[in-house]
Amino acid sequence: MANGTTDQALHPSEAEGVAREPLVLNNRSFSWITERICGIVENRQPLGWWFLFIPSVLLAGVLIGTLVYLVSTGVGVWGNNQPVAWGWAIVNFVFWIGIGHAGTLISAILFLTRQKWRTSVNRSAEAMTLFAVVCAGIFPGFHVGRFWMVWFLAPVPNANAIWQNFKSPLLWDVFAVSTYFTVSVIFWYIGLIPDLATLRDRARTKVRKVLYGFFALGWRGGNRQWQHYEMAYLLLAALSTPLVLSVHSVVSFDFATSVVPGWHTTIFPPYFVAGAIFGGFAMVLTLMLPCRLIYGLQDMFTMKHIDNMAKIILLTGTIVGYAYIMELFISYYGANKYESDAFYLRILAGPYRYYYYCMFFCNVIAPQIFWFEKARKNLWIVFIVANFVNAGMWFERFVIIPTSISVDFLPAQWGIYHPSITEKLMFLGTFGLFMTLFLLFLRFLPVIAIAEVKGVLPQADPHYHDWKKIKEGRRGPGFPRPGSPDPSDVK
Amino acid sequence: MSTTATSTKQPFGFVAEFESATDLYHAAEKVRDAGFKRWDVHTPFPVHGMDHAMGMRKSWLSGVVLGGGLTGFLTALVLQFFTQVNLYPTVVQGKPTNLNTVPAFFPVTFELTILFSAFATLFGLLIFLFLPRWNHPLFESGLFKKFSDDGFLLVIESKDPKFRAEKTREFLESIGAKAIELVEG
């Protein structure tokens, strides 16, 4: 600071030493952002897209094949039976539904807490949420046995005059997951409207004009529209915040409200929610690290974003680690024979103990490397750790679900569970479906929220040029940040 | 584009482009102070503080959403208690349906409250915005297309009681418009 205290027009946040990294690098203009993001949708896809798309579609075909086999033959094609009635199907359900949580966390909770870096990530994370919930929904749907009777889950009058048991956690789950999916679709679509209008106005072919125009609903970007739009967005964020925390809590009630040793714990809801956010962020990074390189989005999806997400993974991973250790401690301290036996078998003597070790390493130990800034800045390390977390979260669900029910109260009810090849192929197939949907999303919709990223550029601040004039007059050029007050208010 | 409209058809209004968000913000303040009523600014993103510059009040969409939430809340209570008490009483897990078991009904009540609120937000928003409306006179304007890229536009409609073809154009020039286009109605 050359003339320090005499510069009264200087906004406090402008003081040297507290300056933050810009959210969009290299002083990009509004039209650069439009061009770069719309270009992904408008130009031919790079070869890498096809290399991923074709195997994904084939894998999705495997999923459809296994489902047809399952329905035409019966659920006996799966390996689950008494006592382990909830095998991979429920493990995979909880795995996929958990992945979705990062999308809603980014779009809703980070919006309410005014974390502006979310703007570059939220669109793809929300898309990931929807596709993960689609994959999740397949498993319990088919796990009911007779898929064509799934509509009995919905509270509609039927010929048998039977109504659902609303006191059952399984029914709570139906409501939680279907509400979560619906609200996420609404949130995602409302966020897309201005960007669809951008694509509509740039469309050169008739088909694009009609389709993007149809879904843009005739958006005109007037402030009299933005006013209500922003309110709607804020309200949806406020609605989604408790919703996302409730969904995995309700999923955990499926276990926590039972009397099975290893499931009957009050720590489950917060532990499941932290684990879901943890696994979800890992999946966002897994998808977006290659994506930002392939499509050249480094200026908008910066190292700062990756750094922030790595820190969230570290935080939630540590919470999950705390929960694992607390579970063990309570089983010891609670002095419940069945509970302590369940955990003794889980970690030391049971047939599934290696799953526990994998889980513990992937979820608790691997992310600890993110304490080091160098590790957070190395994309290979970030990518590998993210994939450890993806795997670790699947192991966690396996450790919780089949391990607990394979050892019931009486030794006569003990049994080991082996998944069948159909189950394995089906799980693999959901990855195909997930990737197919995500790649189609990359192909046809803007991967980054164009309007939102424009809004966090410094020149988006209506007082930007006023500040610039003042600063140029007094002490050379400078750049105020969005949200800085009107210079006439600072006296 | 001539401002002395020879056709008998009334034009839709003027579209004026401004250099930056700052210019548009100050222009909006002047249009507001000049007493125009039927006008709007069109921007690629919501400009912070523009509601104030345009003299607009808070959006009451939140009221609609509150209504939606209450409807969801009551729907959930009626759905659960009517079916559990009157239509098909199930006493499982040792839990009858009475005041003592109310906590078991919280999750579904919560979820339906959120679900109905979200639908109220979506449909309330569309009603407040008069959307979908796929056709609009502004879409005929070449200049207007820039709003979704990097254009900062101000539109004054001819229906505004203060609208006078020549004077309004001069007014827009005086507040710093860099391009002005007359849009046919």
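Numerical summary
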{"read-out": "Close pairs (7 angstrom Cβ cut-off, 6 or more residues apart or separate chains): assigned to a strand (DSSP E or B) in the stretch B:171-185, among the β-branched types (Val, Ile, Thr) and at pLDDT 85 or above anywhere", "value": "B:181/B:15; B:183/B:15"}
{"read-out": "Residue selected from the stretch B:131-147 under the condition part of a helix (DSSP H, G or I) and in contact with a strand residue (DSSP E or B) (Cβ under 9 Å, 6 or more places away or on another chain), by the criterion farthest from the other protein chains (Cβ to nearest Cβ)", "value": "B:140"}
{"read-out": "Any hit, the stretch A:349-358, residues being open to solvent by less than 40 Å² (accessible area, probe 1.4 Å), in contact with a helix residue (DSSP H, G or I) (Cβ under 8 Å, 6 or more places away or on another chain) and either touching a residue at least 60 places away in the same chain (Cβ under 8 Å) or of a type in the set (A, V, I, L, M) (or both)", "value": "no"}
{"read-out": "Total residues in the stretch A:26-46, condition assigned to a helix (DSSP H, G or I) and either more than 15 Å from residue A:452 (Cβ to Cβ) or of a type in the set (D, E, K, R) (or both)", "value": "8"}
{"read-out": "Among residues of the stretch A:182-211, those that are more than 10 Å from every other protein chain (Cβ to nearest Cβ) and in a helix (DSSP H, G or I), counted", "value": "8"}
{"read-out": "Members of the stretch B:22-37 found to be at the interface with chain A (Cβ under 9 Å from one of its Cβ atoms) and within 19 Å of residue B:160 (Cα to Cα), listed by number", "value": "B:28"}
{"read-out": "Residue under evaluation residue A:147, criteria (1) in contact (Cβ under 8 Å) with a residue 40 or more places away in the chain; (2) under 22 Å from residue A:119 (Cα atoms), criterion not met", "value": "(2)"}
{"read-out": "Of all residues making up the stretch B:141-185, the number that are open to solvent by 80 Å² or more (accessible area, probe 1.4 Å) and in contact with an Asp or Glu (Cβ under 7 Å, 6 or more places away or on another chain)", "value": "3"}
{"read-out": "Residue match in the stretch B:38-60 (condition: more than 7 Å from chain A (Cβ to nearest Cβ), farther than 26 Å from residue A:234 by Cβ, surrounded by fewer than 23 Cβ atoms within 10 Å (Cβ to Cβ) and at pLDDT 85 or above)", "value": "yes"}
{"read-out": "Pick from the stretch A:217-228, criterion touching a helix residue (DSSP H, G or I) at 6+ places or on another chain (Cβ under 7 Å) and either open to solvent by less than 30 Å² (accessible area, probe 1.4 Å) or closer than 13 Å to residue B:56 by Cβ (or both), ranking: farthest from the other protein chains (Cβ to nearest Cβ)", "value": "A:219"}
{"read-out": "Which numbered condition residue B:84 misses (of (1) part of a helix (DSSP H, G or I); (2) out of contact with any helix residue (DSSP H, G or I) (no Cβ under 7 Å at 6 or more places or on another chain); (3) farther than 30 Å from residue B:39 by Cβ; (4) more than 8 Å from chain A (Cβ to nearest Cβ))", "value": "(4)"}
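The values are calculated or read from the model by the stated rules, or taken from the named source; none is laboratory data. This one's a predicted model, so the numbers in the text were calculated from it and none came from an experiment. As a convention, Cβ positions derive from the backbone with ideal geometry for all residues, glycine included, and neighbour counts pool all protein chains shown. Areas reflect the complete protein model, heavy atoms only, side chains present, ligands, DNA and RNA absent. Shrake-Rupley method; radii C 1.70, N 1.55, O 1.52, S 1.80 Å.
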